[in-house]
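Participant: The structure is given below, and queries will be raised subsequently.
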Amino acid sequence: MISKALLLIAASVVLLATGCSTASSQLNKRLKVGEPVGRVYFAKYEEVESAIKQAMIRYPQRVDNTEAGIFETDYVKGETRFRSPVATDNPGNGYRYRLLIRLVRGKNDDKPAVKVMVTKQAELAGDFFAEPQPQPSDGLEESVILYRIGREITLARALAKASEKENKRSSDN
């Protein structure tokens, strides 16, 4: 009886210890400088492009090339920067970044697919005369943008479906 209780306690301690280390290692994970975060959306290119423009509406736009599949923001700095809910440190006034979004058309089982890759090009300038130093990203803002794009696609499809039902209902009357 005591050995079973001791075994249960030891097993729970091991599980708790590995769970905590896994969570903290995930929080501390950093992407390499210039490493993109991507996701594939099974939708038409035009739907994905429209969703990107809607998801990126609050960012200052620098390049919007529909044919090449490139969307780039101007430098985001100051109070308009993304703030991570888990970050405790403030990167400082010299921290700024640009977001580069690339779209790649494709197909999967004769269904249209679009791969979206988001790259955060962050840099930290120590002072006015120093060259800015590239900074790694934690990948959180990129993941949030990809989530927003997915939600915009889902919302657009739901609105189109509801509109189609309403048109069908009004044409039946």
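The values are calculated or read from the model by the stated rules, or taken from the named source; none is laboratory data. Predicted model, so just to flag it, every value in this text is computed and none were measured. Please note: Cβ atoms are built from the backbone with ideal geometry, for glycine as well, and neighbour counts cover all protein chains shown. All accessible areas refer to the heavy atoms of the entire protein, side chains included, with ligands and DNA or RNA removed. Shrake-Rupley method; radii C 1.70, N 1.55, O 1.52, S 1.80 Å.
Participant: Could you please find all residues in the range 127-157 being closer than 16 Å to residue 34 by Cα and within 11 Å of the chain's Cα centre (by Cα)?
Facilitator: Residues of the range 127-157 closer than 16 Å to residue 34 by Cα: 132-143.
Correct list: 138, 139, 140, 141, 142, 143.
Participant: Modelled with pLDDT under 65, open to solvent by 50 Å² or more (accessible area, probe 1.4 Å) and β-branched (Val, Ile, Thr), is that true of residue 2? Explain how you work it out, then say what you get.
Facilitator: On the way: modelled with pLDDT under 65: yes; open to solvent by 50 Å² or more (accessible area, probe 1.4 Å): yes; β-branched (Val, Ile, Thr): yes.
When the stated conditions are applied, residue 2 passes them.
Participant: Still on this model: List pairs: first residue in the range 101-122 and within 14 Å of residue 73 (Cβ to Cβ), second residue surrounded by 13 or more Cβ atoms within 10 Å (Cβ to Cβ) and among the polar types (S, T, N, Q) anywhere in the structure, Cβ distance under 6 angstrom, at least six positions apart or on different chains.
Facilitator: 120/137; 122/135; 122/137
Participant: Related question: Out of everything in the range 39-70 that is polar (S, T, N, Q) and over 15 Å from the mean Cα position of the chain (by Cα), what residue ends up being least open to solvent (accessible area, probe 1.4 Å)? It would help to see each step written out before you state the result.
Facilitator: Going through the range 39-70, the residues polar (S, T, N, Q) turn out to be 50, 54, 61, 65-66.
If we keep only those that are over 15 Å from the mean Cα position of the chain (by Cα) as well, we get 50, 61, 65-66.
Numbers: 50: 74, 61: 110, 65: 61, 66: 45 Å².
Going through the qualifying residues, I end up with 66.
Participant: Another question, then. Within the range 106-149, how many residues are assigned to a loop (DSSP other than H, G, I, E, B) and open to solvent by less than 80 Å² (accessible area, probe 1.4 Å)?
Facilitator: Narrowing the range 106-149 to residues assigned to a loop (DSSP other than H, G, I, E, B): 109-110, 125-132, 136-139.
From what is left, the residues that are open to solvent by less than 80 Å² (accessible area, probe 1.4 Å) are 125-126, 130, 132, 136-139.
Number satisfying all stated conditions: 8.
Participant: Now for a different question. Return the total of residues in the range 46-86 being in a loop (DSSP other than H, G, I, E, B) and touching a residue at least 40 places away in the same chain (Cβ under 8 Å). Reasoning before the result, please.
Facilitator: First pass over the range 46-86, keeping only residues in a loop (DSSP other than H, G, I, E, B): 56-60, 66-69, 74-75, 81-86.
Pick out the ones that are also touching a residue at least 40 places away in the same chain (Cβ under 8 Å) and you get 56, 59, 82, 84, 86.
Total meeting the criteria: 5.
Participant: Could you count how many residues in the range 158-169 are open to solvent by 70 Å² or more (accessible area, probe 1.4 Å) and more than 28 Å from the chain's Cα centre (by Cα)?
Facilitator: Here is the first cut: in the range 158-169, the ones open to solvent by 70 Å² or more (accessible area, probe 1.4 Å) are 159, 161, 164-169.
After this cut, where a residue has to be more than 28 Å from the chain's Cα centre (by Cα) as well, the list is 164-169.
Here the count works out to 6.
Participant: From the residues in the range 85-105 that are buried (at least 17 other Cβ atoms within 10 Å of the Cβ) and charged (D, E, K, R), which one is nearest to residue 55 (Cα to Cα)? Walk me through it before giving the result.
Facilitator: Kept after step one, since they are buried (at least 17 other Cβ atoms within 10 Å of the Cβ), are these residues of the range 85-105: 95-101, 103.
From what's left, charged (D, E, K, R): 96, 98.
Working: 96: 20, 98: 15 Å.
Of everything passing the filter in the range 85-105, 98 is nearest to residue 55 (Cα to Cα).
Participant: Give just the number: which of (1) under 18 Å from residue 43 (Cα atoms); (2) open to solvent by 30 Å² or more (accessible area, probe 1.4 Å); (3) at pLDDT below 95 does residue 155 not satisfy?
Facilitator: (3)
Participant: Something else about it: Quick one: which of 16, 31 is at pLDDT below 85, hydrophobic (A, V, I, L, M, F, W, C) and surrounded by 11 or more Cβ atoms within 10 Å (Cβ to Cβ)? Steps first, answer last, please.
Facilitator: On the way: 16 fails: surrounded by 11 or more Cβ atoms within 10 Å (Cβ to Cβ).
Unique residue meeting the criteria: 31.
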